[in-house]
Amino acid sequence: MRENEIVARGYDHIADVYLEWTTGSPLRERWLNELSNILPLRGDVLDLGCGAGIPVARRLTEMGFSVLGIDGSSRQIALACKNEPRAEFRLADMVSVSFPIASFAAITAFYSITHVRRAEHAAMFKRIARWLKPGGIFLASLGYRDTPGWTGEWLGTTMYFSHFDAETNITLVEEAGLVIRQREIIGEEESGKMTEFLWVVAQKPSLGL
């Protein structure tokens, strides 16, 4: 089974559990508020790995943004359509999906790129840079420690993770043509222990790539 299939099936299986687990996350709310402060003008936002639409799509829609969420899990997409009918959701793999150049004012990726094989990350960041409008913002949680590829039990299902260390991720984002505006390593409780991620706010230069 391919890695993206493992992730999609895993989230199909734990969709309700994951929604309950993540609802009310102060860390997610904090970064959504950061995005609102950075982007005073409302526009289109792409949420990569939108899950059940809570909290990201719902909060961004409440802020006045037009939100398109994509996810590889059909169960997550079904929940998202129910939870936030004001946003648009599509079943799609973030590695293969395509959008026109300069489509979005912002792109978010909360705990989703770490489910993609890290060999795909550099190309993923370059596509994100192309999809952003000049001055657009990329807000994401990325890997903090070096993990070439891990498959195992997670929250009661089989899941896959893959990511580089924090410094490598910073380099890859910058090499994609984005400027790092903020970076912070923060932990969040997961199954009784703290799991750390690198959070980044990066911006596409106003003159484009």
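Every number here is computed from the coordinates shown, using simple stated rules; none is lab data. Keep in mind that what you see is a predicted model, and the values were worked out from it rather than measured. With ideal geometry, Cβ positions are generated from the backbone for all residues, glycine too; neighbour counts draw on all protein chains shown.
How much length is gained if the chain between Arg86 and Ala123 is pulled fully straight, taking 0.36 nm per residue apart and subtracting their Cα-Cα distance, in nm to one decimal?
Numbers: separation 37, 0.36 × 37 = 13.32 nm, distance 3.07 nm.
Length gained, Arg86 through Ala123: 10.3 nm.
When Lys and Arg each count +1 and Asp and Glu each count -1, what net charge do the other residues less than 12 Å away from Ile107, Cβ to Cβ, add up to? Provide the component values of the computation, followed by the final result.
Details: positive: Arg127, Arg130, Lys133, Lys204; negative: Asp44, Asp47.
Result for the neighbourhood of Ile107: +2.
Does the chain classify as rounded, prolate or oblate by the C-alpha gyration tensor (a ≥ b ≥ c root eigenvalues; a/c under 1.5 gives rounded; else a/b over b/c gives prolate, otherwise oblate)? List each step's numbers first, then the result.
Numbers: a/c = 1.42, a/b = 1.16, b/c = 1.22.
Rounded, since a/c falls under 1.5.
Out of all DSSP beta bridges in segment 3-203, what portion is antiparallel? Express it as a percent rounded to 5. Intermediate values should be presented prior to the final figure.
Working: 23 of 40 bridges.
Taking every DSSP beta bridge with both residues in segment 3-203, the antiparallel ones total about 60 percent.
Amide H of Gln182 versus every other amide H placed in the peptide plane: which residues, excluding those fewer than 5 positions away on the same chain, fall under 5 Å?
The answer is Val201.
Residues with beta-carbon under 12 Å from that of Val56, excluding Val56: net charge, scoring Lys, Arg +1 and Asp, Glu -1?
Numbers: positive: Arg28, Arg58, Arg59; negative: Glu29, Asp47, Glu62, Asp71, Glu84.
My count for the surroundings of Val56 gives -2.
Rounded, prolate or oblate for segment 104-209? Axes are the square roots of the Cα gyration tensor eigenvalues, ordered a ≥ b ≥ c, and the cut-off for rounded is a/c under 1.5. Let's see the in-between values first.
Numbers: a/c = 2.17, a/b = 1.87, b/c = 1.17.
The shape class here is prolate.
Please identify every one of the GluC sites (Glu not before Pro) in segment 14-54 that sits in a loop by DSSP and has no more than 16 other beta carbons within 10 Å of its own beta carbon. Walk me through the numbers before you get to the answer.
On the way: sites: Glu20, Glu29, Glu34; in loops: none.
For GluC sites (Glu not before Pro) across segment 14-54 that sit outside H, G, I, E and B with at most 16 neighbouring Cβ atoms in 10 Å, the list is empty.
Got the relative contact order for the chain handy, in percent, Cα pairs under 8 Å and 6 or more residues apart? Mind showing how you got there, number by number?
Values: 437 pairs, mean separation 39.2, N = 209.
Relative CO of the chain lands at 19 percent.
Given the peptides 73-82, 178-187, arrange them by the average over their residues of other C-beta atoms within 10 Å, most packed first. Don't skip to the answer; put the middle values down first.
Numbers: 73-82: 19.8, 178-187: 14.1.
In descending order of packing, they fall as 73-82, 178-187.
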